[in-house]
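The next block holds one structure in the form of structure tokens; read it before the comments.
The values are calculated or read from the model by the stated rules, or taken from the named source; none is laboratory data. Given the structure is predicted, the values throughout are model-derived calculations rather than measurements. We place every Cβ from the backbone using ideal geometry, glycine too, and count neighbours over all the protein chains shown. Just the protein is used for accessible areas: all its heavy atoms, side chains included, with ligands, DNA and RNA removed. Shrake-Rupley method; radii C 1.70, N 1.55, O 1.52, S 1.80 Å.
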There are 2 protein chains.
Amino acid sequence: MAEVKVAESVADFLAQQGIRHVFGIIGSANAHLFDAVYQHRDLELVCLHHEQACVMAAHGYYMQSGRMAAVLVTAGAGITNALTGVVGSWADSVPVLILSGQEATKQFKSNNLARMIGIQGVYVESIYETCTKSVVTCHDPEQVLQELAKALYVAKTDRQGPCIVDIPIDLQAARLDVDFTKHALTASLNATHHQLSGLASEDLKQVVDALQGSQAPLLWLGNGLRRLPSDELQRLVKGLGLPYLTSWTATDLFSPIEGLYAGHAGTYGGRAGNVLLQSCDLLITLGTRLAIPQKGYVDDELARRAEIFVVDCDPVELDKLASRFTNKCLADAPTALTQIYESVQAIAGLDFAPWLEHLRRVRQEMPLVEACHHNAAWVDSYSFMAELGHAAGSDATFVTDMGTALISGFQVLEPSDGQRLFTSQGLGEMGYGLPGAIGAWFADPTRQVICLNCDGGLMMNLQDLHSVISQSIPLKIVIFNNDGYLMIKHTQNAIVAGRRAGTDVASGLSCPDYKPLVKAFGFRYLSLRKEDDSEAVIREFLDSDDPIFLEVYMAPDQLLVPKLSVSITAEGKLVSPPLEDLSPLMPLDALEKSLLVPLHPNSISLNRVVAEAKGDAIY
Amino acid sequence: MAEVKVAESVADFLAQQGIRHVFGIIGSANAHLFDAVYQHRDLELVCLHHEQACVMAAHGYYMQSGRMAAVLVTAGAGITNALTGVVGSWADSVPVLILSGQEATKQFKSNNLARMIGIQGVYVESIYETCTKSVVTCHDPEQVLQELAKALYVAKTDRQGPCIVDIPIDLQAARLDVDFTKHALTASLNATHHQLSGLASEDLKQVVDALQGSQAPLLWLGNGLRRLPSDELQRLVKGLGLPYLTSWTATDLFSPIEGLYAGHAGTYGGRAGNVLLQSCDLLITLGTRLAIPQKGYVDDELARRAEIFVVDCDPVELDKLASRFTNKCLADAPTALTQIYESVQAIAGLDFAPWLEHLRRVRQEMPLVEACHHNAAWVDSYSFMAELGHAAGSDATFVTDMGTALISGFQVLEPSDGQRLFTSQGLGEMGYGLPGAIGAWFADPTRQVICLNCDGGLMMNLQDLHSVISQSIPLKIVIFNNDGYLMIKHTQNAIVAGRRAGTDVASGLSCPDYKPLVKAFGFRYLSLRKEDDSEAVIREFLDSDDPIFLEVYMAPDQLLVPKLSVSITAEGKLVSPPLEDLSPLMPLDALEKSLLVPLHPNSISLNRVVAEAKGDAIY
């Protein structure tokens, strides 16, 4: 009877299922799996220096390529260290397969719930129950491959997300009959599972009817569409001929379609995107969970004259949406988009010319980089982003960290001609940028990966600067030096009268002098202190073949705008403007001209001169 | 009606309760708490660069001082980043109070279980339920201080551990009537809680009777005794006049009592400690959970001629222990020790002179540093440890990371005259050493804190090397350079025929060149490549007033011994020796002479020549 070691069959299975990269860190409890993966000719094992970084790399890998990577961690601190990466993938619906080593099965036999399992084991199932699509600790060798097959399926089905298979060390070493393994696995892979279909025919009819009755329809595309290939998505949307917004996570699904793309909406949205959102008379969201930063805080005021259809695969997210959202369709978004496309093809005479002309005008009148996005003494992060985006080629992948990199990156960069832009959008954990970029590079080493960070956030995964060097990854790392945590300084301005605490060097938060530090790691180092020098420095940065670091010195209190901010009325009262009225406030007549709905009363009430001068930036 | 902001009353409460240091990282969801703590004149806020490091620092702070520190993290990734530190404190029964910011309470009102709460919130209660003593998300402003009082009480009561109070941002900003706050708090603090008492009188009588009938009694002291002051503990044990072992976590409870201290036992125990453990006829464990590395794998062979009494405060740990442990007493260990002391004082004529003489002889014949602990080409970590321990003063606190630092540190260092030695013993997470040492220094900046690391493990908290510099902490950091993960190389030798995968530079795990790196951070740098140079280099290292780094080059495959290893019989069969028969195996006659019990059959069966030459090191 031919036998195979379970660890080896795991490696074989991963390779068979198309996994090519495994990010991991070895420990005594995953040593058999590590050995098998390392020995496997079709798998590449990438060792990073923190398990959080391994999961974030797998997140970036998927965002770049649409292919899953696996993560291999050990028991105890190995799997606890993975948590932030897992929750990040959970929030962003990114499928990641995490294999964790565990103490031997005999340690579970007594059902005793002592604080530790065996020597170093932790209760993986209970910790991860509410932040993974599935998590299971295996107890029999026969179970391992079946759980693996199930996890891989579940991770990629309907709303995607991370799955954990926890494998005790004795099971890794166990030997199974080869035929048994094959049969069990085939059965498991062939099992019929429920999978969401597209729109029900009555829902589809309603959507199409609404489109036929609409003067100003708008699509809002989300990350749930990522399963479709980029060119297919672009073809469908182009064919529909409908204006569309993208969520931040969906920003790089395909290159913007000139004349249809409305940009982003939200509390840090683009002015044009928000104005168009508020002006539409029909809003169809596809595969976006409508997070708060995206839809704003006041549902009743969202797209206030529009009929709204929400198409999403997660019933819990649909349930989350309040009364403003009457037409909620539980459906697979890629299928729904295809259905709508096909239905519309069959209809003659849909013509949205005036609405498209309005979009063109609004986009032109409201450029992404504004007058306030320049600074005589420092480099403004917005104008820098715009220049970097234009200078970079179509093979550029921008991976941002949080804070300045996130906000100015997603507000200004409109990745075109195959450029890519992503981050860990839902959890927004500081430190994602670097491992996310590493993952992106492993997914496609032909691309120019540009990692955008801030001086505060990079610290959270500082250790893996070494991995960039040791793995010879030609990563381009930008760091915005703003003396600490800029976003939180603005929070402090808004909620504790500007008092600083742990946000800059004067209040106890010190970031290192990156120049000698990154040189010691082995990076080339450039810096940029004046906007005038940016063209030459950006060129040198982009043309380098080596791992290179560019430190951009920005004003330590630079505003991150436009943004929705509490503002002051003529009578001195604080009020919340509607979503389309971002700070710094634009002149009322310009706002009115851009809207196809009447001005919101709060917009009329605001003292625009004071508010603009104050540059209020309440978080 | 006088009002107080909840965040300020939290800061006041912490200060009132004796908290002096708060380790934290700010985010938008804890900004009110951060402000209040930072402004409070009796609290010092220490900003580190990863939340895991904050919790580990609080762990080290408690281990150094017996005083609790608080940890202040934000919502989302802030609290998920804390997990490994929390589980480490949980495993070691270290009380830590963690305050986490959370999304506003309105985000909880709908009972909708979407993947994220509000913008970035996570389900703190479900993640932390099985690895904290208590975790609660507050929903009313009135609840905050009461939960805080409860958490502080629970963290320190019976078996200690971490507690989390999760405080939504709106509750932090809420204002409460001052009188209400005071009354509610007083009521909460005065509430009578169940707390474990000492030994029941019949249990105490049994223990004392057993002592009176014993020729060779042995105490095994654990971390559960840490609540007693060091000198009080030493007085009690000295007064009892009984030989004692300590668990690794209890190693620095008080300075060794010459003539009574038997050292450590366990799979990486000392030879003397194991021999004495196996020779005793009465074993009384006090406040130790008898982890596997401590008691070995085969319960039936533990102290095989002894009656065993186990005194512990955790019924789950007592329940974990199998049939070998018949006398299990649920009691507070410090109280039990005091009771035993007092009972014994009342008895005349207890005389263990021959047993004490045996202990003296065994300790002398089995020194901690052995002939195998020297290396002509490299520095051996054991002989280095011994020299460092002798050269360091009584004000030295050794904080180790894992791997070589842990094993050779705890096998060789016997902290005396007030020296201290600790780590995160239960979870054993790589990366603990640095933040643990930072915490120890904040707990007592008059001490000379020496942090012992390896090249692999330091990477897990590399970022906080900067905190050492920016906070002007005169930390002394040793790094054992052994090209990767030495412990796991030995695992690979044992279980995958020595194949390497992700454990050294040749198999994909690269560690940085620390010399330029730590200099860039701002450390002084020394290195040691030969044992002959160690005296001078150690002197220079210890005498420095600056943050200083000493890189010790050791053999990349150095054995970590003595240890319990699977060994080979004369017939070539693999067998497990008993706990007292550590590898490298000592001559059988010497082993026999040291034991007061007959040799174990497995010891007799081993081929000692082969095994010794092979230096087997199976994990």
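Considering only the stretch A:469-494, state which residues are within 11 Å of chain B (Cβ to nearest Cβ), more than 15 Å from A:Pro556 (Cα to Cα) and modelled with pLDDT of 95 or more. Listed by number, the residues that qualify are A:Ile469, A:Ser470, A:Gln471, A:Ser472. Among residues of the stretch A:422-442 that are under 14 Å from A:Ser89 (Cβ atoms), those with a Cβ under 7 angstrom from a residue that is open to solvent by 10 Å² or more (accessible area, probe 1.4 Å) and among the aromatic types (Phe, Trp, Tyr), sequence gap 6+ or separate chain, pair up as A:Gln425/A:Trp248.
Per-residue answers, yes or no, for (1) acidic (Asp, Glu); (2) under 30 Å from A:Asp35 (Cα atoms):
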site: B:Cys511; (1), (2): no, yes
site: B:Asp543; (1), (2): yes, no
site: B:Asp546; (1), (2): yes, no
site: B:Val575; (1), (2): no, yes
site: B:Asp581; (1), (2): yes, no
site: B:Pro587; (1), (2): no, no
site: B:Leu591; (1), (2): no, no
site: B:His600; (1), (2): no, no
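Considering B:Leu413, B:Leu452, B:Leu434, B:Leu421, the condition of being open to solvent by less than 20 Å² (accessible area, probe 1.4 Å), away from every other protein chain (no Cβ under 14 Å), in contact with an Asp or Glu (Cβ under 6 Å, 6 or more places away or on another chain) and modelled with pLDDT of 95 or more is satisfied by B:Leu421 alone.
Among all positions in the stretch A:366-374, there is no residue which is in contact (Cβ under 8 Å) with a residue 40 or more places away in the chain and either crowded, with 24+ Cβ neighbours inside 10 Å or at positive phi (or both).
Give me the residue from the stretch B:375-391 that is open to solvent by less than 10 Å² (accessible area, probe 1.4 Å) and part of a loop (DSSP other than H, G, I, E, B) and, out of that set, farthest from B:Tyr244 (Cα to Cα). Across the stretch B:375-391, the extreme among qualifying residues is B:Val379.
If you check B:Val22 against the conditions, is it of a type in the set (A, V, I, L, M, F, W, C), surrounded by 23 or more Cβ atoms within 10 Å (Cβ to Cβ), part of a loop (DSSP other than H, G, I, E, B) and more than 9 Å from chain A (Cβ to nearest Cβ)? So B:Val22 fails the test. Of the residues making up the stretch A:272-290, just one is within 14 Å of another protein chain (Cβ to nearest Cβ) and open to solvent by 20 Å² or more (accessible area, probe 1.4 Å), namely A:Arg289.
Being open to solvent by less than 10 Å² (accessible area, probe 1.4 Å) and facing chain A (nearest Cβ under 9 Å) is true of B:Val122.
Restricting attention to the stretch B:111-142 and to residues that are free of Cβ contacts under 8 Å to residues at least 24 places away in the same chain and over 25 Å from A:Ala322 (Cβ atoms), the residue that is nearest to the chain's Cα centre (by Cα) turns out to be B:Thr130. Would you confirm whether or not the stretch B:41-57 contains a residue that is open to solvent by less than 10 Å² (accessible area, probe 1.4 Å) and away from chain A (no Cβ under 13 Å)? Checking the stretch B:41-57: at least one residue is open to solvent by less than 10 Å² (accessible area, probe 1.4 Å) and away from chain A (no Cβ under 13 Å).
Across the stretch A:304-325, not a single residue is classified as part of a helix (DSSP H, G or I) and within 19 Å of A:His264 (Cα to Cα).
One line per residue, one yes/no per condition, for (1) part of a loop (DSSP other than H, G, I, E, B); (2) not hydroxyl-bearing (Ser, Thr, Tyr):
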position	(1), (2)
A:Ser255	yes, no
A:Thr267	yes, no
A:Val275	no, yes
A:Pro334	no, yes
A:Gln339	no, yes
A:Asp351	yes, yes
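Residues in the stretch B:31-40 that are surrounded by fewer than 24 Cβ atoms within 10 Å (Cβ to Cβ) and either part of a loop (DSSP other than H, G, I, E, B) or hydroxyl-bearing (Ser, Thr, Tyr) (or both): B:His40 only. Does B:Pro556 fit the bill of being modelled with pLDDT of 95 or more, open to solvent by 40 Å² or more (accessible area, probe 1.4 Å) and within 14 Å of chain A (Cβ to nearest Cβ)? Judged against the criteria, B:Pro556 is not a match.
Only residues that are out of contact with any Pro (no Cβ under 6 Å at 6 or more places or on another chain), aliphatic (A, V, I, L, M) and under 19 Å from B:Gly66 (Cα atoms) were counted across the stretch B:130-163, and they come to 4. Report whether or not A:Leu550 is surrounded by 20 or more Cβ atoms within 10 Å (Cβ to Cβ), more than 14 Å from every other protein chain (Cβ to nearest Cβ) and assigned to a loop (DSSP other than H, G, I, E, B). Taking the combined requirement at face value, the residue does not satisfy it.
Among residues that are open to solvent by less than 10 Å² (accessible area, probe 1.4 Å), closer than 28 Å to B:Gln172 by Cα, within 18 Å of the chain's Cα centre (by Cα) and touching a residue at least 40 places away in the same chain (Cβ under 8 Å), A:Gly457 is included.
Restricting attention to the stretch B:125-142 and to residues that are in a helix (DSSP H, G or I) and crowded, with 22+ Cβ neighbours inside 10 Å, the residue that is farthest from the other protein chains (Cβ to nearest Cβ) turns out to be B:Pro141.
Any residue that is open to solvent by 40 Å² or more (accessible area, probe 1.4 Å) and hydrophobic (A, V, I, L, M, F, W, C) - is there at least one of those in the stretch B:182-189? For the stretch B:182-189, residues open to solvent by 40 Å² or more (accessible area, probe 1.4 Å) and hydrophobic (A, V, I, L, M, F, W, C): present. Restricting to the stretch A:399-410, give me the number of residues that are open to solvent by less than 10 Å² (accessible area, probe 1.4 Å) and farther than 23 Å from B:Ala114 by Cβ. Final tally of qualifying residues: 8.
Give the stretch A:106-119 a look and list any residue that's open to solvent by less than 10 Å² (accessible area, probe 1.4 Å) and more than 7 Å from chain B (Cβ to nearest Cβ), or say none. Hit for the stretch A:106-119 is A:Ile117, nothing else.
Among residues of the stretch A:506-530 that are more than 9 Å from chain B (Cβ to nearest Cβ), those with a Cβ under 7 angstrom from a residue that is surrounded by fewer than 16 Cβ atoms within 10 Å (Cβ to Cβ) and among the acidic types (Asp, Glu), sequence gap 6+ or separate chain, pair up as A:Arg524/A:Asp546; A:Leu526/A:Glu540. Of everything in the stretch A:499-519 that's in contact with a helix residue (DSSP H, G or I) (Cβ under 6 Å, 6 or more places away or on another chain) and farther than 14 Å from A:Cys454 by Cα, which residue is surrounded by the most Cβ atoms within 10 Å (Cβ to Cβ)? The qualifying residue surrounded by the most Cβ atoms within 10 Å (Cβ to Cβ) is A:Gly502.
Taking the conditions exactly as written (aliphatic (A, V, I, L, M), closer than 30 Å to A:Ala336 by Cα and crowded, with 18+ Cβ neighbours inside 10 Å), does A:Leu176 satisfy them or not? The answer is no for A:Leu176. The residues on offer are B:Gly269, B:Gly222, B:Gly239, and the sole one that is open to solvent by 20 Å² or more (accessible area, probe 1.4 Å) and within 30 Å of B:Lys156 (Cα to Cα) is B:Gly239. Among the conditions (1) of a type outside the set (Val, Ile, Thr); (2) over 25 Å from A:Glu414 (Cα atoms); (3) within 27 Å of the chain's Cα centre (by Cα), A:Gln294 misses just one, which is (2). Given the structure, is A:Lys328 open to solvent by 50 Å² or more (accessible area, probe 1.4 Å), within 14 Å of chain B (Cβ to nearest Cβ) and basic (Lys, Arg)? It is true that A:Lys328 is open to solvent by 50 Å² or more (accessible area, probe 1.4 Å), within 14 Å of chain B (Cβ to nearest Cβ) and basic (Lys, Arg).
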